[in-house]
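**Student:** This is the structure I have questions about; it appears just below.
The values are calculated or read from the model by the stated rules, or taken from the named source; none is laboratory data. Small disclaimer: the values here were computed from a predicted structure and weren't measured. For neighbour counting, all protein chains shown are included, and Cβ atoms are generated from backbone atoms with ideal geometry for every residue, glycine included. Ligands, DNA and RNA are excluded from the accessible area calculation, which covers all protein heavy atoms including side chains. Shrake-Rupley method; radii C 1.70, N 1.55, O 1.52, S 1.80 Å.
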Amino acid sequence: SLITNLKIYINGEVNIDLTSYPSVNFGIITANNYGTITNCAVVGSTYAHIIINVNDNVNSSNEPINNIASFVANNYSQGTITNSRVEVSITSKGNVAGFVYSNAGTIASSYVYGSVVNNTISTSSKT
């Protein structure tokens, strides 16, 4: 799949409730990327903040099972992200990242600017 020239604007604080799901992979652009994302942005007003409400579920090793990111939760080996950016803050529980939480693919010429990553339960946060 291909996503190009997409710009998502966040105005102020946005709350998204995903507590009805036992586990969550969540990204503003997409949860899982197997294709190409290019020239995309998640930007916002001066105090743009996304709050993703999820359960505190863990796996058998007591590790968080929720992967939450401002852009893409999981970028798989076939996935490519280029010329993209995030300029908003994010708060959630579990595995939280400002851009991509798990990356096995390619990320090039992309960045996070002025973002704060808040993890309200786990120590597994990334920018």
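**Student:** For the stretch 97-121, which positions are in contact with an Asp or Glu (Cβ under 8 Å, 6 or more places away or on another chain) and either in a loop (DSSP other than H, G, I, E, B) or over 16 Å from CYS40 (Cβ atoms) (or both)?
**Tutor:** Of everything in the stretch 97-121, those that are in contact with an Asp or Glu (Cβ under 8 Å, 6 or more places away or on another chain) and either in a loop (DSSP other than H, G, I, E, B) or over 16 Å from CYS40 (Cβ atoms) (or both) turn out to be TYR113, GLY114, SER115, ILE121.
**Student:** Same structure again: Under 14 Å from SER23 (Cβ atoms), among the polar types (S, T, N, Q) and touching a strand residue (DSSP E or B) at 6+ places or on another chain (Cβ under 9 Å): which single residue out of ASN95, ASN75, ASN119 fits that description?
**Tutor:** Testing whether each residue is under 14 Å from SER23 (Cβ atoms), among the polar types (S, T, N, Q) and touching a strand residue (DSSP E or B) at 6+ places or on another chain (Cβ under 9 Å) leaves just ASN95.
**Student:** Hey, among the residues in the stretch 38-66 that are under 14 Å from the mean Cα position of the chain (by Cα) and part of a strand (DSSP E or B), which one's farthest from SER84 (Cα to Cα)?
**Tutor:** ASN53
**Student:** Would you please list the contacts, defined by Cβ atoms under 9 Å and residues six or more apart or on different chains, that run from a residue in the stretch 1-12 that is within 12 Å of THR80 (Cβ to Cβ) to a residue that is modelled with pLDDT of 95 or more and open to solvent by 60 Å² or more (accessible area, probe 1.4 Å)?
**Tutor:** Note: pairs meeting the criteria are SER1/TYR34; THR4/ASN39.
Yes/no matrix, rows are residues, columns are (1) closer than 16 Å to ALA41 by Cβ; (2) modelled with pLDDT of 95 or more; (3) open to solvent by less than 70 Å² (accessible area, probe 1.4 Å):
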{"site": "VAL54", "(1), (2), (3)": "no, no, yes"}
{"site": "SER61", "(1), (2), (3)": "no, no, no"}
{"site": "VAL72", "(1), (2), (3)": "yes, yes, yes"}
{"site": "VAL86", "(1), (2), (3)": "yes, yes, yes"}
{"site": "ASN95", "(1), (2), (3)": "no, no, yes"}
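**Student:** Consider the stretch 31-51. How many of its residues are among the β-branched types (Val, Ile, Thr) and closer than 15 Å to ILE107 by Cα?
**Tutor:** 3
**Student:** Could you tell me which numbered condition CYS40 fails, if it satisfies all but one of (1) open to solvent by 30 Å² or more (accessible area, probe 1.4 Å); (2) touching a residue at least 12 places away in the same chain (Cβ under 8 Å)?
**Tutor:** Among (1) open to solvent by 30 Å² or more (accessible area, probe 1.4 Å); (2) touching a residue at least 12 places away in the same chain (Cβ under 8 Å), CYS40 violates only (1).
**Student:** I've got another one for you. Would you call VAL100 buried (at least 20 other Cβ atoms within 10 Å of the Cβ), of a type outside the set (Lys, Arg), within 14 Å of the chain's Cα centre (by Cα) and within 18 Å of ASN39 (Cα to Cα)?
**Tutor:** yes
**Student:** THR19 - would you say it is farther than 20 Å from ILE3 by Cβ, without any contact (Cβ under 8 Å) to a residue 60 or more places away in the chain and open to solvent by 20 Å² or more (accessible area, probe 1.4 Å)?
**Tutor:** Spelling it out, THR19 is indeed farther than 20 Å from ILE3 by Cβ, without any contact (Cβ under 8 Å) to a residue 60 or more places away in the chain and open to solvent by 20 Å² or more (accessible area, probe 1.4 Å).
**Student:** Identify the single condition in (1) assigned to a strand (DSSP E or B); (2) open to solvent by 30 Å² or more (accessible area, probe 1.4 Å); (3) within 23 Å of GLN78 (Cβ to Cβ) that VAL14 does not satisfy, given that it satisfies every other one.
**Tutor:** (3)
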